[in-house]
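For reference, the structure is listed below as structure tokens.
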Amino acid sequence: MRRARIAGVGHYVPERVVTNHDLEQLMDTSDEWIRERTGIRERRFTAPGVGSSGLGVKAAEAALAAAGWQPADVQFIIFATLSPDLYFPGNGVLLQAALGMEGIGALDVRNQCTGFLYGLSVADAFVRMGMCDRVLVVGGEVHSTGLRMNTEGRDTAVLFGDGAGAVCVEATDGAGNGCLLAHRLHADGRFAHELTIPKPGALNNPWLTKEMIDDGLTSPKMNGREVFKNAVTRFPEVIEEVLAAEGVAVSEVDLFIPHQANERITEAVRKRLRVAPEKVYSNIARYGNTTAASIPIALSEALAAGTVTRGSLICLAAFGSGFTWAASLLRY
Ligand SMILES: CC(C)(COP(=O)(O)OP(=O)(O)OC[C@H]1O[C@@H](n2cnc3c(N)ncnc32)[C@H](O)[C@@H]1OP(=O)(O)O)[C@@H](O)C(=O)NCCC(=O)NCCS
């Protein structure tokens, strides 16, 4: 049976490390407050002039090298980001031009923290239906340029970081050498305003004003408690759903890679599912929340560390703005 599998994974994070102590110089916060509530110790911030498409290009190059593909082998691009370089066109075409892959389709996904999993599920469907043999899926974010680096913006400024990850998805003729097994995608738009960047937007006329910037409306607004409450319910729910789709028990999964939102959320989910700590990947201490990039970065690191090898059963899961939540199960 025709299936899709992951042929290669890569990631890239900017060199500039910003610690919690660095943030203490900019706003009324403390390393202790941030670590206790989120598990974050540091994050990466991009260099001037390098946007999320640029980070995505570097991650894509690493993924292509890992898969043994040339740019000309890619037949379709999917780019997930909430922080595109431009209002339009999307990052997919920018990455395509940078890598010299002119002519192939490029789809942009705007599903925030679940964007990579939504994108991966589309790649899987396109490959399974025979539309493409090789798809590049990228998640990349630059948050640092949109955060308010002062006390007024501290509730979200301390959470987010920049980075990108990418996977090469290719056709395979069976599950013998690994394949994407199942995906479950959900959303509840009633919570759309609980985690959002409210402005600018074409709803407004004009769509951007100085007042919007001065009022802090062009940086993230978050109802942290509502996000937390929903995340700790939706994560286990969707993980159990995707495992049930394949008749897999929690104990059979070799590695869970949750979206890196908050160590306390990950820990609550881990306990609810009764999973051993070593079976849950975490790198939030080093990168903070990199939204659509967090899962491919973690997968790439887990592969490099040998935590994941060919044959491993991996469950990816995410929750975030929308609200949206999703999970994928794969045999690597
Ligand atoms: C954001 C979060 C860490 C806040 O933790 P919390 O325990 O709910 O903290 P509260 O919001 O009650 O804030 C407690 C106090 O800390 C203050 N505070 C907020 N941000 C702060 C910061 N960076 N540094 C220091 N103090 C801060 C608040 O102003 C508040 O002060 P007050 O009691 O004087 O009003 C928590 O709600 C959370 O993790 N939510 C999920 C966020 C998330 O994962 N988002 C991404 C989803 S993809």
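The values are calculated or read from the model by the stated rules, or taken from the named source; none is laboratory data. The structure displayed is predicted, hence computed values, not measured ones. No Cβ is skipped: glycine too gets one built from the backbone with ideal geometry, and neighbour counts run over all protein chains shown. Side chains are part of the model used for accessible areas, which takes the heavy atoms of the whole protein and leaves out ligands, DNA and RNA. Shrake-Rupley method; radii C 1.70, N 1.55, O 1.52, S 1.80 Å.
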Next on the checklist: For the structure I just gave you, tell me whether Val122 is out of contact with any Ser or Thr (no Cβ under 9 Å at 6 or more places or on another chain) and open to solvent by less than 20 Å² (accessible area, probe 1.4 Å).
Outcome noted: no
Checklist outcome for this item: Given the conditions (1) within 23 Å of Asn289 (Cβ to Cβ); (2) open to solvent by less than 40 Å² (accessible area, probe 1.4 Å); (3) of a type outside the set (Phe, Trp, Tyr), every one holds for Pro84 apart from (2)
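For every residue, the table says whether it meets (1) among the acidic types (Asp, Glu); (2) away from the ligand (no atom under 16 Å from the Cβ); (3) under 14 Å from Thr324 (Cβ atoms).
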{"position": "Ile104", "(1), (2), (3)": "no, yes, no"}
{"position": "Asp108", "(1), (2), (3)": "yes, yes, no"}
{"position": "Asn111", "(1), (2), (3)": "no, no, yes"}
{"position": "Phe116", "(1), (2), (3)": "no, no, yes"}
{"position": "Ser121", "(1), (2), (3)": "no, yes, yes"}
{"position": "Ala125", "(1), (2), (3)": "no, yes, no"}
{"position": "Gly130", "(1), (2), (3)": "no, yes, no"}
{"position": "Asp133", "(1), (2), (3)": "yes, yes, no"}
{"position": "Leu136", "(1), (2), (3)": "no, yes, no"}
Checklist entry - Hey, does the stretch 36-54 have a residue that's in a strand (DSSP E or B), at pLDDT 95 or above and closer than 20 Å to Phe116 by Cβ? => result yes
Item to check | Selection count where residues are touching a helix residue (DSSP H, G or I) at 6+ places or on another chain (Cβ under 9 Å) and either among the basic types (Lys, Arg) or at pLDDT below 95 (or both), scope the stretch 220-261 | outcome: 1
Checklist outcome for this item: Of the residues in the stretch 125-162 that are assigned to a strand (DSSP E or B) and of a type in the set (A, V, I, L, M), the one that is surrounded by the fewest Cβ atoms within 10 Å (Cβ to Cβ) is Val135
Item to check | Matching residues, the stretch 277-296, being open to solvent by 40 Å² or more (accessible area, probe 1.4 Å) and either assigned to a loop (DSSP other than H, G, I, E, B) or of a type in the set (Lys, Arg) (or both) | outcome: Lys279, Ser282, Arg286
Next on the checklist: Tell me the residue from Val238, Val242, Val227, Val269 that is β-branched (Val, Ile, Thr), part of a helix (DSSP H, G or I), open to solvent by less than 30 Å² (accessible area, probe 1.4 Å) and within 11 Å of the ligand (Cβ to nearest atom), please.
Outcome noted: Val227
